[in-house]
Amino acid sequence: MSNSTRVINLSAGPCALPESVLHEACQGLLNFNGTGVGIAEISHRAPEFIAYLTEVQGLIRTQLDVPQTHSILFAQGGGALQFSVVVLNLLARHRLLYPELSDSERVLDYVLTGRFSELAFDEAKRMGGGRVNTVVDARLHSATGKFDNIPSHAAYNFSPDPALVFYCENETVNGVQFSDGVDAADPTSFPFHLLPKDTPLVADYSSSFMSRPIPHLADHAVIFASAQKNIGPAGVTVLIVRNDCLPDVDAAAALGAQPVPYTLAYKTLADHGCLYNTPPVFAIYVTGLVLRRQRTLGGPAHFAAVNRRKAAKLYAAVEEGARRGVLRPRVKEGRGRSVMNVVFDFYEREVEGRFVAGAAARGIKGIMGHPTVPGTRLSIYNAVTEEQVDAVVAYMWDFFGQLQVRSLM
Ligand SMILES: Cc1ncc(COP(=O)(O)O)c(C=O)c1O
């Protein structure tokens, strides 16, 4: 059943969810899996919910090929809370491995490619307990001094034995993304081949999770992703944690590490099957419905192909706007353009206003840029269909045509 009042939602997140899933979720709110109890009313310890949670973990494991060396966990607090939680847990781990080191000898390595890696970097500095180091700052590799590129591999300077190396796979605000290439020769890929051996690698996948396979997944210590872009509603954060990165935070605290609240310790989540305290039941439920649907469609490989086509069409329209002197793409081709968030700036604010208003009149919404980095941002996560992208592209061509007519008058 389709609801004709729904718009083409290109919001950066929360964002579009598949309509079929929303209908299923309505049923689940009334009666979850035939229990006679709605999903927002059921105990998280009910066997039916525990079975469902296990199924959702399985849907992630099988679709992303997560090896048994890694646990799949569900946390609350969003991607942003992980900026500090990952520091607490991996500093605790480092303390257990190297109790003799001083705080200034514990290094946290950050790859800065945009707004979210910068926020994570700032949070790590606030947390203390280690020395925060910049591996590379993409702004220093830009003609504009802004986050608009993935730097070349030669620019990275990793520390020899860091407590963690952090990167953000897709910078939602800036529209910059690492490529999914596994070949070291691919200039916008993450330089996995340059990492020191056994480095605890941390990736923020909040805005690209399940949009395509994750390269070198097994080489990561922690992958985290808040759900509200590609896989569900806000409220649940998915964690993929290597099993040697579930430190005993009390043992680490006894050696002088910062105490970690139990609710934030990865080991607590793992030891209690994500049920130490009440998990975000409804968000996990809808995420499961989305992931079931994605599996039926062909999983991340299917979405990788569709998302690539969607992005190519949209960037072609953006290039046309650039050719006509109307707008400027934020990220140049070949410098790490995001497949999820297409960001550009109109030269004139008045034209931007007309573009947004004209889009709204056609039922295309959610395209304003981030408050801290204004501009226009079209987010094309998994639930945005190729047909919807075609409609957006058609609108862009019409809009450019109208501008030309106006300038001729
Ligand atoms: C890449 C990235 N990391 C982290 C966050 C923060 O996530 P949350 O709002 O769930 O805390 C976002 C949110 O947009 C994001 O896009």
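The values are calculated or read from the model by the stated rules, or taken from the named source; none is laboratory data. Computed from a predicted model, the values in this text were never measured in an experiment. Glycine also receives a Cβ, built like all others from the backbone with ideal geometry; neighbour counts cover every protein chain displayed. Quick note on the areas: whole protein, heavy atoms, side chains included, nothing else; ligands and nucleic acids left out. Shrake-Rupley method; radii C 1.70, N 1.55, O 1.52, S 1.80 Å.
Details
- The GluC sites (Glu not before Pro) of the stretch 61-161 that meet both conditions, a loop assignment by DSSP and at most 11 other Cβ atoms within 10 Å of the site Cβ, are GLU100.
- Spacing of the two label points (7 Å from each Cα toward its C-beta) at GLU348 and THR62, in nm: 5.6 nm
- Each label point was placed 7 Å from the Cα along the Cα-to-Cβ direction; for LEU408 and ALA234 their separation is 4.6 nm.
- Of THR113, THR278, the residue with the largest accessible area leads and the full order is THR278, THR113 (1.4 Å probe).
- Over the residues of the chain, the helix contribution to mean residue ellipticity at 222 nm works out to -12500 deg cm²/dmol, using -39500 (n - 2.57) for each DSSP H run of at least 4.
- For ALA227, the residues 5 or more places off, or on other chains, whose built amide H falls under 5 Å of its own are GLY235, VAL236, VAL238.
- Accessible area, probe 1.4 Å, largest first, for residues CYS15, CYS26: CYS26, CYS15
- Estimated vicinal HN-Hα couplings, Hz - the stretch 22-27 in sequence order (Karplus 6.51, -1.76, 1.60; Gly, Pro = x): 5, 5, 4, 5, 4, 5
- Ordering of 75-83, 333-341 by burial proxy (mean other Cβ atoms within 10 Å per residue, highest first): 333-341, 75-83
- At R0 = 45 Å, FRET efficiency that the Cβ-Cβ distance of ARG45 and TRP397 yields, to 0.05: 0.25
- Label point 7 Å beyond Cα of ALA253 along Cβ direction - residues of the stretch 70-114 with amide nitrogen under 17 Å: 85-96
- If you take the Cα centroid of the stretch 39-104 and the Cα centroid of the stretch 356-409, the two points sit 37 Å apart.
- Over all other residues within a Cβ to Cβ distance under 11 Å of HIS70, the charged ones net out to -1, with Lys and Arg as +1 and Asp and Glu as -1.
- Sequentially through the stretch 365-378, phi angles give Karplus couplings (6.51, -1.76, 1.60; θ = phi - 60°) of 10, x, 10, 6, x, 6, x, 7, 9, x, x, 10, 9, 10 Hz, Gly and Pro residues having no value and appearing as x.
- The chain: relative contact order in percent, alpha carbon pairs under 8 Å with at least 6 residues between: 22 percent
- The stretch 277-390: relative contact order in percent, alpha carbon pairs under 8 Å with at least 6 residues between: 24 percent
- Counted charge near ASN89, where neighbours are those whose Cβ lies closer than 12 Å (Asp, Glu -1; Lys, Arg +1): +2
- Here the stretch 195-221 and the stretch 302-328 have alpha carbon centers that stand 26 Å from each other.
- Taking each of LYS229/LYS313; LYS125/LYS146; LYS313/LYS365; LYS229/LYS310; LYS146/LYS197; LYS125/LYS310 in turn, the alpha-carbon distance tops 27 angstrom for LYS146/LYS197; LYS125/LYS310.
- Farthest positive-ward along the chain dipole, Cα basis, beta-carbon charges - from MET396, LEU408, ALA252: LEU408
- Surface accessible to a 1.4 Å probe, per residue, for the residues of the chain, Å²: 41 Å²
- Protection-proxy order for peptides 39-46, 158-165, 199-206, each taking the mean of Cβ atoms within 10 Å per residue, highest first: 199-206, 158-165, 39-46
- Shown is the FRET efficiency for GLU19 and GLU100, computed with R0 = 51 Å from the Cβ-Cβ distance and rounded to the nearest 0.05: 0.35.
- A cut-off under 15 angstrom between Cβ atoms defines the neighbours of LYS267, and their net charge, with Lys, Arg +1 and Asp, Glu -1, is -1.
- Per atom type, the chain shows carbon and sulfur on 55% of its accessible surface, probed at 1.4 Å.
- Dimensions of the stretch 299-408 from C-alpha coordinates, computed as largest minus smallest value along each principal axis and given longest first, are 47, 28, 26 Å.
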